[in-house]
Amino acid sequence: MKKYACLATCLLALSFPLCAQKPEALDYNMYQRIRSEGFDHSHIMEYASALMDGIGPRLTGSPNLKHANEWTRDQFTSMGCSNAHLEDWGEFGLGWRQINTWVRMSAPDNAVFIAQALPWSPATSGPINGQAIWIEAKDEKDLEKYKGKLTGKIIFFGPMRDVKPVEKPLTKRNEDADLKKIEDFPVRVGEQHEDFLAGFIKELTFREKAGKFFADEHAAAIVVPSRDGRDNGGSGGTIFDDGGTGMGWFTYQREHAEKLPIVVTAIENYGRVYRLLKANVPVSIEMDVRTEFTGDHEHGFDTIAEIPGTDPALKDQVVMVGGHLDSWASGTGATDNGAGTVVAMEVMRILNALHVQPRRTIRVALWTGEEEGEFGSYGYVKNHFGFAPLSTAPDQLALPEFVRKPGGPIQIKPEHAKISGYFNVDNGSGKIRGIYLQGNAQLAPLFKEWIAPLSDLGVNTISVRNTGGTDHEAFDSVGIPGFQFIQDPLDYSSRTHHSNMDLYERLQPADLAQAAVVEAIFVYNTAMRDQMLPRKPLPHPELDEPGKAPLKNVMPGVVAAAEEQKKDATPEKTPEKK
């Protein structure tokens, strides 16, 4: 180990001593008060309806997300928080919204399709009608055979997949055996994502080139099939509109924007056209894509608010709670991550309603840009706490930041020493069953004391494992304790995650109220204890294996699509998803 690595470890050990073995000084009266307020006077579904029904989908850069930022800021002010404001994390790219999309087959039969525009798709010039053509191409060489054949055509692009019977329930609760598996720490580290991620980068690079080729050949529009969900949830009219189905990495940036109108359709609709074309039956498609670009250089903002600390010695220290406010566009972002947003809002409402006087400042953050690469949380952490420089090698500069290799040691800012921890909810609407420690084993005895009075609520699991795919990673990446709770999966992975079924009806009121109560207790305990939460040594990304570190924060939509593709090919090697 390098000298500075040893020194940093020693300094951290002195600054953040291990948990004492004596029992925590827990305020059981506050446990009861939080439970009573959270269960008897919950506002969580009011927040949920206002956000999901009243505002709707919240794609990063969109007018709806701007509305959501402003609405959440004002809600924090009205519930009694201080310093509620919007914090700019930087330029994002294109502002976009979908107004209306419809697709139908007009020959050899009439059929209405389940379809939506993919985010950042351009509009058609009113309704269009064209002959369908299925493109079979895996690389640029395969495209050459279509030269001069695509003018006015509506391209069906993407392989047809099998749609198998749904043999498992789409909705699932964690049973004891599931929680035991999560609790057990794997002694042998599983394979990394490098192989399939490299393949997916290659695939997306080809897609962008294919999209340009189709435009240069004067095609009219593109239709892609919805990817599958876990347990074959990507059927029965469910469509996924995330980053795994578009024509490139950066479609939210003007220079990489989609060249043609592009829609995603249900696999059953796609399959009908595919089979007809394979049988040499001509197919006519009509479609109208009404979308609007609202700006080329939209910035992203996080919503921030606080309950000020009261202890003169500790009030400058902070405990944070949050979730991401942005969503995809086909649903209303209810479980991903409207659920985590309204839970964080309810945490702050509960604590304000109880007029708590925390020793440390309690700060809430609702992130944006999570779906495209956790931009909001990483931007905030970089501005306030520290960051790991990224490689500037030419091959790395061509990649998105969230998959680039590290380029040096972590740079720490003064505020880094004043944050105790960050708590996150972003695994759907299921109730909390425990917490992931992100490898910080010294927290296990402490958190076990915290959850003992919550066992009747089903909270009983402490896992030292890492979990990924959401905003706690930004904090963990610079050595700050950052946590995602273990939740009942319900139908998050199978049906709602990034889909048109991610709607208010998929939320579970009792589960959300339980999650808010549990998270409020964790936040309160962190704010009140004498010491900050113990930390792991600072990570040293420059010492990691090449390509390993960035995989923690790969765009969730891309990982989901890549993992689903790999699952179909080699199911026994599929890594766990969030």
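The values are calculated or read from the model by the stated rules, or taken from the named source; none is laboratory data. Only a predicted model underlies this, so the values are computations on that prediction, with no experimental measurement involved. Here Cβ is always computed from backbone atoms with ideal geometry, including for glycine, and neighbour counts include all displayed protein chains.
Look at the stretch 184-207: where a residue is closer than 22 Å to residue 404 by Cβ and a partner is modelled with pLDDT under 85 and exposed (fewer than 11 other Cβ atoms within 10 Å of the Cβ), sitting 6+ places away or on another chain with Cβ atoms under 8 Å, you get 192/545.
Taken over the stretch 287-319, the residue count meeting the criterion of being in contact with a Phe, Trp or Tyr (Cβ under 6 Å, 6 or more places away or on another chain), buried (at least 20 other Cβ atoms within 10 Å of the Cβ) and hydrophobic (A, V, I, L, M, F, W, C) is 1.
Here residue 501 clears all of (1) modelled with pLDDT under 95; (2) closer than 30 Å to residue 101 by Cβ except the condition numbered (1). If you go through the stretch 216-263 and pick out every residue that is closer than 28 Å to residue 300 by Cβ and outside any loop (DSSP other than H, G, I, E, B), you end up with 8.
A count restricted to the stretch 22-41 and to residues that are touching an Asp or Glu at 6+ places or on another chain (Cβ under 8 Å) and closer than 25 Å to residue 444 by Cβ stands at 4. Applying the selection to the stretch 374-395, what residues are on the phi > 0 side of the Ramachandran plot and either part of a helix (DSSP H, G or I) or among the charged types (D, E, K, R) (or both)? Result: 374, single match. Can you spot a residue in the stretch 11-23 that is in the same structural domain as residue 345 (by TED's automatic domain parsing) and either modelled with pLDDT of 95 or more or among the aromatic types (Phe, Trp, Tyr) (or both)? Looking for residues that are in the same structural domain as residue 345 (by TED's automatic domain parsing) and either modelled with pLDDT of 95 or more or among the aromatic types (Phe, Trp, Tyr) (or both), one finds none in the stretch 11-23, hence no.
Condition check for residue 112 on (1) over 15 Å from residue 258 (Cβ atoms); (2) of a type in the set (A, V, I, L, M); (3) touching a residue at least 40 places away in the same chain (Cβ under 8 Å); (4) touching a Phe, Trp or Tyr at 6+ places or on another chain (Cβ under 9 Å): one failure, at (3). Against the conditions (1) under 27 Å from residue 227 (Cα atoms); (2) outside any loop (DSSP other than H, G, I, E, B); (3) not β-branched (Val, Ile, Thr), residue 455 satisfies every one except (1). Sub-8 Å Cβ pairs linking a first residue in the stretch 453-464 that is outside the structural domain of residue 29 (by TED's automatic domain parsing) to a second residue that is aromatic (Phe, Trp, Tyr) and buried (at least 18 other Cβ atoms within 10 Å of the Cβ), at least 6 apart or interchain, number zero.
Considering every residue within the stretch 329-344, establish whether at least one is part of a strand (DSSP E or B) and in contact (Cβ under 8 Å) with a residue 60 or more places away in the chain. The answer is no; no qualifying residue exists. Taking the stretch 60-90 as the range and being farther than 19 Å from residue 384 by Cβ, not in a loop (DSSP other than H, G, I, E, B) and not basic (Lys, Arg) as the test, the residues that pass are 63, 64, 65, 67, 68, 70, 71, 72, 74, 75, 77, 78.
Of all residues in the stretch 117-171, those being in a strand (DSSP E or B), in contact with an Asp or Glu (Cβ under 6 Å, 6 or more places away or on another chain) and within 30 Å of residue 372 (Cβ to Cβ) number 0.
Of all the residues in the stretch 412-448, those that are in contact with a Phe, Trp or Tyr (Cβ under 6 Å, 6 or more places away or on another chain) and either of a type in the set (Asp, Glu) or modelled with pLDDT under 95 (or both) number 1.
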